[in-house]
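The values are calculated or read from the model by the stated rules, or taken from the named source; none is laboratory data. On a predicted model such as this, the values are computed, not experimentally measured, just so you know. Glycine gets a Cβ as well: all are built from the backbone with ideal geometry, and neighbour counts include every protein chain shown.
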Amino acid sequence: MTRIGRLKRRAEFLAAAAANRKWVAPGLVLQAHVPPVPPESDDGDIRLGFTASRKVGNAVARNRAKRRLRALAVELLKDAPSPAQPTDLVLIARPATVSRDFAALRQDLLRGLAKLGVALKAGGTA
């Protein structure tokens, strides 16, 4: 079972962006980063960060997009086996995130995780 932590500092988000491991889908952008040194805090095996720019919409739309991404990520990752190394994932909302069908968003994220090499459990979940 995977322990899920949070990315909190701007430097952590910038490190994920600088890693150049990115997947762009209609509903979201996924960035992955394997820190060279495990984080000081034992937050978890996978640490998640969520962001939404003003291009997504007003504050209500941005918060809704982040809530949808958070629910989706926790649903997919909570029962997954722990990855070989701690991994940081940043999910970036796009304007379509707010209105896109949840099943389509799920497929976007699953496809991105597979392309970036973040393994999930076999079967229906991944």
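Quick notes on this structure:
Residue-by-condition table, conditions (1) modelled with pLDDT of 95 or more; (2) closer than 26 Å to Pro95 by Cβ; (3) among the hydroxyl-bearing types (Ser, Thr, Tyr):
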residue	(1), (2), (3)
Ala18	no, yes, no
Arg21	no, yes, no
Leu30	yes, yes, no
His33	no, yes, no
Pro39	no, no, no
Asp45	no, no, no
Thr51	yes, yes, yes
Val56	yes, yes, no
Val60	yes, yes, no
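- Of the criteria (1) at pLDDT below 95; (2) buried (at least 18 other Cβ atoms within 10 Å of the Cβ); (3) touching a Ser or Thr at 6+ places or on another chain (Cβ under 8 Å), which one Pro81 fails: (2)
- Selection of segment 60-79 for residues being of a type in the set (Asp, Glu) and either in contact with a strand residue (DSSP E or B) (Cβ under 7 Å, 6 or more places away or on another chain) or outside any helix (DSSP H, G or I) (or both) yields only Asp79.
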